[in-house]
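Heads up, the thing below is written out as structure tokens.
The values are calculated or read from the model by the stated rules, or taken from the named source; none is laboratory data. Everything quoted here is computed from the prediction, not taken from an experiment. All Cβ positions, even for glycine, are placed from backbone atoms using ideal geometry, and neighbour counts span all protein chains on display. These area figures cover heavy atoms from the full protein model, side chains too; ligands, DNA and RNA do not enter into them. Shrake-Rupley method; radii C 1.70, N 1.55, O 1.52, S 1.80 Å.
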Amino acid sequence: MAKAPQTDTYTALVNQPLGQKLAGALGLPRPAVLRRYEPGQTLVEGSVLVLGGGHAADEAAAVLLDWGLDVRRQSAPADRYGAVIACYDDAGTPADLSATTLQLGAVQRKLGPSARVITIYRDPLGSDRPAVRAARRGVEGLTRSLAHEMRRGATANGIVLGEHTALSAPGATGALRFLLSAKSAFVSGQFIPVSSEAGALPRDWEKPLAGKVAVVTGAARGIGAAIAATLHRDGATIVGVDVPAAGEALAGVVNSLAGTALQLDITAADAGERILAHCAERHGRLDIVVHNAGITRDKKLANMDAARWDSVLAVNIESQLAMNQVFLAATGQGVVADELRISSLASTSGIAGNAGQTNYAASKAGVMGMVSATAELMGPAGTAGGGSINAVAPGFIETEMTARMPMATREVARRLNSLQQGGRPVDVAEAIAYLVSDAAGGTSGATLRVCGQGMMGA
Ligand code: NAD
């Protein structure tokens, strides 16, 4: 089986002194080695500059000081920054963007490797005044463009606050921490909406999922195995689900994590009930569900047969709809936690489309539709408790699947994002681990792309 590399050969080469010179001379892409999370690691390397004059800037500075970071409210000539937080929560017209944005530009060259720029603003749809909405959408545009300009593994992302949501709300603080940390290494040009005060911050940021029981489907290999390992690292007990044919690999994964395995085809009519029964019997509870299992059966539509179309839709979306019905109906009734957290794997193919993938893109766009509607059922006004549901849409990720692509296609696909490299399964896993944590409780119905700001479907 083709093995997925940790860092692709080209990235390794251009990070050697000779390769660096050559790439520079020939004008070739120079992807950086990204800083990735390790337990105990400093949250941000270097000072954090907070810009902007509204409430969010004061709140951000207070939160960052509480985390022991070196916070600056004004830039000084000798400063070097690990992160810049630009707050636009008080912008009422596009002219209001000027001061903060130009200050941000003035420090752009002072950002260290894998630095973070985080813009904070309010949901454009929260105001019906044209100038306010224009200003807010303006922040989105400048953030996306800045993300394209970032160098040396640095990223730019936004946090979109609801009209009455403070930055000190658990969900906003949780989003800030995720985006600042090395856990968001492959997330750039993206926006995390925080629309409510729901959620809670963990007692221990190293174990945010302590005491939780998490089901991960398709856990035998690839991204699913990385999700299982990451949720376990964060303190969760893992229930790995995969087809009987992958039983041995599944046992290998869950045994190494002291979890339990359930051999199950998720398209079975009673899949939801069997997962619930397993969790009740072996663990006495269910807090987190990650719908990761997925398949591709690529063919141009003119050559598509019913077997290819139906199987992809059945595994990638129909099964999730059916299982969610069972989980939501059981929410708060003993086994399923009141605040159930569900996360599902979409794909950038579901956003941009991809030749040969009408079936796959229909299923993955379907996942995004499903999470937005299910969020309403799970929200405060819904009938199924106060939990949350979100999707993660990976771009090009170094897996066995992408290692099998023809070399030239793979090489092009890798470079077509602002970080000029493929992501790793752990990058997707980190985003999932964040979204299923209580610190993301203020975010529901959203899709977060983990794609290095892929040019596809930007
Ligand atoms: P993979 O093929 O390596 O692993 C998928 C796992 O799901 C396998 O272990 C498989 O046995 C299991 N599975 C398939 N059908 C099942 C069923 N009916 N019941 C139970 N288990 C089943 O795939 P991957 O690359 O790790 O992708 C994981 C998820 O991420 C998928 O949903 C995929 O669509 C999505 N995704 C992957 C990429 C990428 O670049 N690899 C990009 C975007 C989205």
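Name the residues in segment 371-407 that are within 16 Å of the ligand (Cβ to nearest atom) and touching a Ser or Thr at 6+ places or on another chain (Cβ under 7 Å), would you?
Scanning segment 371-407 gives Val371, Ile389, Asn390, Ala391, Val392, Ala393, Pro394, Gly395, Phe396.
Every residue in segment 414-453 that is of a type in the set (Ser, Thr, Tyr) and either more than 15 Å from the ligand (Cβ to nearest atom) or at pLDDT below 95 (or both), please.
Within segment 414-453, the first condition is being of a type in the set (Ser, Thr, Tyr), and the residues that meet it are 418, 434, 437, 443-444, 447.
Ser418, Tyr434, Ser437, Thr443, Ser444 - these are the residues of segment 414-453 that are of a type in the set (Ser, Thr, Tyr) and either more than 15 Å from the ligand (Cβ to nearest atom) or at pLDDT below 95 (or both).
Check every one of the helices (runs of 4 or more DSSP H) wholly within segment 372-449 and list those with 3 or more residues that are open to solvent by 50 Å² or more (accessible area, probe 1.4 Å).
Working: elements: 400-403, 407-415, 425-435.
Where helices (runs of 4 or more DSSP H) fall fully within segment 372-449 and carry at least 3 residues being open to solvent by 50 Å² or more (accessible area, probe 1.4 Å), they are 407-415.
Look at Arg297 and say whether it is open to solvent by 80 Å² or more (accessible area, probe 1.4 Å), within 26 Å of the chain's Cα centre (by Cα) and of a type in the set (Lys, Arg). If you could, list the steps in order and put the result at the bottom.
Numbers: open to solvent by 80 Å² or more (accessible area, probe 1.4 Å): yes; within 26 Å of the chain's Cα centre (by Cα): yes; of a type in the set (Lys, Arg): yes.
When the stated conditions are applied, Arg297 passes them.
Under 9 Å between Cβ atoms, which residue pairs at least 6 apart in sequence (or on different chains) link something in segment 130-158 that is at positive phi and in the same structural domain as Ala83 (by TED's automatic domain parsing) with a partner that is open to solvent by less than 60 Å² (accessible area, probe 1.4 Å) and of a type in the set (D, E, K, R)?
Gly153/Arg35
Among the residues of segment 257-283 satisfying the criterion of being free of Cβ contacts under 8 Å to residues at least 60 places away in the same chain and within 22 Å of Gly386 (Cβ to Cβ), which is most open to solvent (accessible area, probe 1.4 Å)? Can you show your working first?
Here is the first cut: in segment 257-283, the ones free of Cβ contacts under 8 Å to residues at least 60 places away in the same chain are 257-274, 277-278, 280-282.
Now narrow it down to the ones that are within 22 Å of Gly386 (Cβ to Cβ): 272, 280.
Working: Gly272: 3, Ala280: 46 Å².
Among those residues, the one meeting the criterion is Ala280.
Would you confirm, using the coordinates I've provided, whether Ser188 is away from the ligand (no atom under 11 Å from the Cβ), modelled with pLDDT of 95 or more, surrounded by 23 or more Cβ atoms within 10 Å (Cβ to Cβ) and among the small types (Gly, Ala, Ser)?
Numbers: away from the ligand (no atom under 11 Å from the Cβ): yes; modelled with pLDDT of 95 or more: yes; surrounded by 23 or more Cβ atoms within 10 Å (Cβ to Cβ): yes; among the small types (Gly, Ala, Ser): yes.
Yes, satisfied.
Are any residues in segment 280-295 within 16 Å of Val326 (Cβ to Cβ), away from the ligand (no atom under 12 Å from the Cβ) and not charged (D, E, K, R), and if so, which ones?
Residues satisfying the conditions are Ala280, Leu286, Ile288, Val289.
Tell me the residue from Asp96, Asp66 that is modelled with pLDDT of 95 or more, over 29 Å from Arg424 (Cα atoms) and loosely packed, with under 12 Cβ neighbours inside 10 Å, please.
Details: Asp96 fails: loosely packed, with under 12 Cβ neighbours inside 10 Å.
It is Asp66.
Go through (1) surrounded by fewer than 15 Cβ atoms within 10 Å (Cβ to Cβ); (2) away from the ligand (no atom under 16 Å from the Cβ); (3) in contact (Cβ under 8 Å) with a residue 12 or more places away in the chain one by one and return the number of the condition Ala302 breaks.
(3)
State all residues of segment 344-366 that are surrounded by fewer than 24 Cβ atoms within 10 Å (Cβ to Cβ) and of a type in the set (A, V, I, L, M, F, W, C); if no residue qualifies, say none.
Within segment 344-366, Ile351, Ala352, Ala355, Ala361, Ala362, Ala365 qualify.
For segment 211-233, what are the residues that are surrounded by fewer than 24 Cβ atoms within 10 Å (Cβ to Cβ), in a loop (DSSP other than H, G, I, E, B) and within 15 Å of the ligand (Cβ to nearest atom)?
Arg221
Working carefully through the options Ile342, Ile317, find the one that is in a strand (DSSP E or B), among the β-branched types (Val, Ile, Thr) and under 24 Å from the mean Cα position of the chain (by Cα).
On the way: Ile317 fails: in a strand (DSSP E or B).
Sole residue among the options that is in a strand (DSSP E or B), among the β-branched types (Val, Ile, Thr) and under 24 Å from the mean Cα position of the chain (by Cα): Ile342.
Report, by residue number, each residue of segment 256-279 that is more than 10 Å from the ligand (Cβ to nearest atom), farther than 15 Å from Met323 by Cβ and not in a loop (DSSP other than H, G, I, E, B). Lay out the reasoning, then the answer.
Just the residues of segment 256-279 that are more than 10 Å from the ligand (Cβ to nearest atom), to begin with: 256-261, 269-270, 272-279.
From what is left, the residues that are farther than 15 Å from Met323 by Cβ are 256-261.
Those that are more than 10 Å from the ligand (Cβ to nearest atom), farther than 15 Å from Met323 by Cβ and not in a loop (DSSP other than H, G, I, E, B): Ser256, Thr260, Ala261.
Working only within segment 118-141, note down all residues that are out of contact with any helix residue (DSSP H, G or I) (no Cβ under 6 Å at 6 or more places or on another chain) and among the hydrophobic types (A, V, I, L, M, F, W, C).
If the condition is that a residue be out of contact with any helix residue (DSSP H, G or I) (no Cβ under 6 Å at 6 or more places or on another chain) and among the hydrophobic types (A, V, I, L, M, F, W, C), then Leu125, Ala131, Val132, Val139 are the ones that fit.
Here's the yes/no breakdown for (1) at pLDDT below 95; (2) over 25 Å from Asp204 (Cα atoms); (3) in contact with a strand residue (DSSP E or B) (Cβ under 7 Å, 6 or more places away or on another chain):
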residue: Ala236; (1), (2), (3): no, no, yes
residue: Val239; (1), (2), (3): no, no, yes
residue: Leu257; (1), (2), (3): no, no, yes
residue: Ile266; (1), (2), (3): no, yes, yes
residue: Ala271; (1), (2), (3): no, yes, no
residue: Ile275; (1), (2), (3): no, yes, yes
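For every residue, the table says whether it meets (1) of a type in the set (Ser, Thr, Tyr); (2) in contact with a Pro (Cβ under 8 Å, 6 or more places away or on another chain).
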| site | (1), (2) |
| --- | --- |
| Ala86 | no, no |
| Ala91 | no, no |
| Ala95 | no, no |
| Thr101 | yes, no |
| Gln108 | no, no |
| Ser114 | yes, no |
| Ala135 | no, yes |
| Gly138 | no, yes |
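With the checklist (1) in contact with a His (Cβ under 8 Å, 6 or more places away or on another chain); (2) under 30 Å from Arg414 (Cα atoms) in hand, flag the one item Leu104 doesn't pass.
Unmet for Leu104, out of (1) in contact with a His (Cβ under 8 Å, 6 or more places away or on another chain); (2) under 30 Å from Arg414 (Cα atoms): (1).
Taking segment 350-363, which residues are in contact (Cβ under 8 Å) with a residue 60 or more places away in the chain and assigned to a helix (DSSP H, G or I)?
Taking segment 350-363 first, the residues in contact (Cβ under 8 Å) with a residue 60 or more places away in the chain are 351-354, 357, 359-360, 363.
Once the filter is applied, which keeps residues that are in contact (Cβ under 8 Å) with a residue 60 or more places away in the chain and assigned to a helix (DSSP H, G or I), segment 350-363 yields Ile351, Ala352, Asn359, Tyr360, Ser363.
For residues that are open to solvent by less than 10 Å² (accessible area, probe 1.4 Å) and within 11 Å of the ligand (Cβ to nearest atom), tally how many sit in segment 234-246.
So the count comes out to 2.
Can you tell me which residue in segment 44-60 is most open to solvent (accessible area, probe 1.4 Å), limited to those that are assigned to a loop (DSSP other than H, G, I, E, B) and of a type outside the set (Gly, Ala, Ser)?
Step one: of segment 44-60, the residues assigned to a loop (DSSP other than H, G, I, E, B) are 44-46, 52-54.
Checking which are of a type outside the set (Gly, Ala, Ser) leaves us with 44-45.
Details: Val44: 9, Glu45: 121 Å².
Residue satisfying both the conditions and the ranking: Glu45.
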